[in-house]
Amino acid sequence: HIVRREDYLPPAFWIDTVELTFDLDPAKTRVLNKMRVRRNTAAGTEQALRLDGEDLNLARVLVNGQGATFKMDNGQLVLSNLPVDDSPFELEIFTTCQPEKNTLLSGLFTSQGTFFTQCEAEGFRRITYFLDRPDVMSVYTVTLRADQALYPVLLSNGNLIKEGQLEEGRHFAKWHDPFKKPSYLFALVAGKLVAREQTIIARNGKEHLLQVFVRPGDLEKTEHAMQSLIASIAWDETRFGLHLDLDRFMIVATSDFNMGAMENKGLNIFNTKFVLASQATATDVDFGNVESVVGHEYFHNWTGNRITCRDWFQLSLKEGLTVFRDQEFSMDMAGSDSARAVKRIEDVRLLRTNQFAEDAGPMAHPVRPDSYQEINNFYTLTIYEKGAEVVRMMHTLVGEQGFRKGITLYFERFDGQAVTCDDFAQAIADANPESELTRLLPQFKRWYSQAGTPHVQATGLYDEMAQTYTLRLTQTLRPTPGQSDKQASVIPVKLGLLTRSGQAIPMQLQGEADPATLERTLVLSEAQQAFTFVNVAQAPVPSLLRGFSAPVVLHQQLDDEELEVLLEHDSDPFTRWEASQQWAQRIIITAINDGNDTPELPPRFTQALSKVLNDPLLDAAFKDLVLTLPSEAYIAEQIATVNPQRIHTVRQALLAQLAAALQADWQRTWDLHHDTGAYTPDALSAGRRALAGKALAMLTLHSSTAEDTIWPGKAYQRFKDASNMTDRFNALSALVHARHPLAAKALPLFHQLFKNEALVLDKWFQLQASAPDLDGDILPQVQQLMKHPDFNIKNPNRARSLIFGFTNANPAAFHREDGAGYQFWADQVIALNAINAQVAARLARAMDAWRKLDEPFKAHAETALQRVAAQEKLSKDVREIIEKALAPA
Ligand code: ARG
Ligand code: ZN
């Protein structure tokens, strides 16, 4: 069944209030649902009321207290003969469900004896019959009843209005959420939990109670989450003038969760991975992720909850905007300009490696999709990350002040409503009538409707006689599944021009009165456009797409000298980093094309990298990024026919050379950075730890091939002595990635030390699954680990760490010439399909790029896909992914 955007119809009924009473029991929970319903006469007077439901046992339906006739149609509960006018009536529905059997983790489920809910996108219908769509917004009052000893804490959205004892050791809590909300934002939690609490006084003098609930024993790992929440609240006030609108704001952590976290109104539910952090158990990356996800969910309170989506095709309305906001939050928290730039580069790297691949594969879809079979399959990098880039381009085109005005207008117009991506873009444009965004709005909105990544070809022509420099930009967008003709996008290209010695050249466009500037943003809106700069005294080196000003693939013919100029001198850290990546990519791809397994790094390249590594003015985090070769996945993205083994061989060969050629530099780097002092997770010290970790990895890798055994010993020592997880894990990874024998000693010790820390065990499984393959030994090792007593396929974090750690994070081990990796993949998709369709569908996507594979990989991949496709009981989640993968390209 395909749902189409063009088929949207307003709801036939509204549900103004909902009163829910839960008798919580893991085996059989009883749910009484009393709704005040009225007909939406604007949508007609005839229609039946069709309520969504899934996996429910229906016991009773009453209309205004009277037994009512109803029928079931395709899982929906259908009531006819309702009032034809808009007079309200009371509808009461009594159902039961089985939370402990709910391995889908959608709707009401239990995790280690605690009840949780996950309702986005369509989980509420697994709790009760309802109009489970985001444009039906209601005021909720929720009573929870449960055994007091087993479930001392009872939480739902909004304010606690009453609590007390009941008979037989039971108790109750009654919650009221004053804000209207769609059903996907409903939540409840019940169990044995403890909370870190903090009262804050907001700018406007209002008092708020903040709580972070976790299992007893985890409390000391919640400090960072609480600080991140406080910082998020302050940031949204300062940057956007948006205040916390609730007396109480709660975060609850669960170790069984399909996604990262969920922004339920006033009661955010999080994967433990994004709440718990201590220096002993979490890395700097984990600390950063906690900050960013806490921010993301908090920012949803306005962008998502106060203004929500009309329908699920508009998902990026809240997700793209909220990712943009959490990215900006993390950048502002990072402090310095260079730390901001590091965060930007990391975000771009994720987008280009994974979202560009999505845009080029069978699941390509626009930021605002036109159709879906299963909405859960559309919580994608395109909706989130590309969606954030679209918001970022608007921000670029109207400026920071203009964007803030646009957001203000957006809330003036739509607060309390369920709206569309068009509404958002219109508000930003209307607040900035003079902007390029407003001038080009209909065309700009193609970013919402067209799938695929635009490619931009840039060619420069210097005319010495005329002292002009003409930059010709051409854009193309290839067809994507179901979308063959594409039109020109609006592409902001931020740029600068440099002399060969790295000086910025003032830019003035021909015929333009504006004074020359050192940096500017050109707006490419036609298929091809030429921009001529005047008074250019020498052939410039163009620095294009600064800050990654648009989500496009840029092609330009820069020679080594020009790349060197950019890498050494560009004022824009992104373009500077990109020069290193372009250069490395060219070397790698040339070797692959030449069939050269033992390529050599050109001395000019290693010297340029050495300069960066030794530059006292650059941040360690930035050096770490420059000194990282493009990933195998990213390289595969640049190649038409992919042999993952060749990519791995070439990249590993160059990595070994980078380790050898810069050995003295790596030692100096280690000496300067390894003493990381008292642990604080700030960006600057995190960068130092990252660079020290890289140096140690390089030195360990080098001595695994050379005589010298000092560095593996040092790595082992560091692994044992480290006072924080970042240093400890980096040292362990260095041994594992060098496939050094000491890894076999360190891994069991690591397990022993952290056997009671679920999130650390995830790292232990993931690291082993992603270790470099030696003669095909990783797959058997993964299969062995599947039998480990600590492995549990029902726990999504654990399943992801081991299975995805192999299929998604270890291309050379996964893409085996004998196809055994794909067989393993098919086995696990089939196993997970019976347990948790959402996790299974994510795993199914590991084969997205199979059509690009070289033989024999491609034939084996097709066999594996066909095997999954032939399964009788395939969830619609997995079915959609597999069908699209196998559809003729
Ligand atoms: N809205 C959540 C977030 O981005 C994600 C929920 C995903 N849910 C799902 N069923 N796919 O913060
Ligand atoms: Zn979100």
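Just so you know, all these numbers are worked out from the coordinates, no wet-lab data involved. All of these numbers come straight from a predicted model, not from anything done at the bench. Virtual Cβ from ideal backbone geometry, glycine too; neighbours counted across all protein chains shown.
For this structure, a couple of remarks:
- Considering every alpha-carbon pair of the range 484-640, the percent of pairs per 10 Å bin, from zero through the bin containing the longest distance, is 9, 34, 34, 19, 4, 0.
- The separation of the range 343-360 from the range 149-171, counted between C-alpha centres, amounts to 45 Å.
- At full extension, Ala831 and Leu62 could sit 272.8 nm farther apart than now, given 0.36 nm per residue minus the alpha carbon distance.
- Cα-based helix-to-principal-axis angle, 560-569 vs the chain, degrees rounded to 10: 60
- Overall form of the range 403-538 per C-alpha gyration tensor (a/c, 1.5; a/b vs b/c): oblate
- Within the chain, percent of DSSP bridges classed antiparallel, to nearest 5: 80
- Computed over every Cα-Cα pair of the range 732-889 and binned at 5 Å starting from 0, the pair-distance distribution P(r) comes out as 2, 9, 19, 21, 19, 14, 9, 5, 2, 0, 0 percent.
- Isotropically averaged projected area of the chain, using the convex hull of Cα atoms (one quarter of hull area), nm²: 37.2
- Mean Cα-pair separation over length for the chain, i.e. relative contact order, pairs under 8 Å, 6 or more apart, %: 8
- Extent along the principal axes, Cα only, for the range 634-762: 45, 35, 33 Å, with the longest axis given first.
- With the helix formula -39500 (n - 2.57) applied to DSSP H stretches of n ≥ 4, the chain reaches a computed 222 nm mean residue ellipticity of -12000 deg cm²/dmol.
- When only Cα pairs below 8 angstrom with a gap of at least 6 residues are kept, the range 362-496 shows a relative contact order of 26 percent.
- Angle between the chain longest axis and helix 644-661 axis [Cα atoms, degrees, rounded to 10]: 60
- Among Ala451, Asn301, His569 the positive-end extreme of the charge dipole of the chain (Cβ point charges): Asn301
- Residue-span extension gain [Thr641 to Leu461] - 0.36 nm each, minus C-alpha spacing: 61.5 nm
- Separation between Cα centres of the range 820-852 and the range 280-308, rounded to whole Å: 28
- Of the residues Gly482, Leu49, Thr199, the one whose Cα sits farthest towards the positive end of the charge dipole of the chain is Leu49 (charges of +1 on Lys and Arg Cβ, -1 on Asp and Glu Cβ, taken about the Cα centre).
- Summing Cβ point charges (Lys, Arg +1; Asp, Glu -1) relative to the Cα centre of the chain gives a dipole of roughly 1400 debye.
- Look at where the Cα atoms of the range 620-665 and of the range 418-452 average out, and the two centres are 39 Å apart.
- Under the shape rule built on the C-alpha gyration tensor, where the axes satisfy a ≥ b ≥ c, the range 1-68 is oblate, since a/c reaches at least 1.5 while a/b does not exceed b/c.
- Across the range 837-877, Cα-Cα pairs more than 12 Å apart make up 62 percent of the total.
- Between the Cα long axis of helix 603-614 and the first principal axis of the chain there is an angle of about 60°, rounded to the nearest 10.
- For the range 534-605, the relative contact order comes to 26 percent (Cα pairs under 8 Å, sequence separation of at least 6).
- Relative to the Cα centre, the charge distribution of the range 715-814, modelled as +1 at Lys and Arg Cβ and -1 at Asp and Glu Cβ, gives a dipole magnitude of about 200 debye.
- In a reduced charge model with +1 at each Lys and Arg Cβ and -1 at each Asp and Glu Cβ, the range 323-396 shows a dipole moment near 160 debye about its Cα centre.
- Fully extended contour minus Cα-Cα distance, from Gln417 to Asp55, at 0.36 nm per residue: 127.3 nm
- Whether the range 146-263 is rounded, prolate or oblate, judged on the alpha carbon gyration tensor where a/c under 1.5 counts as rounded: prolate
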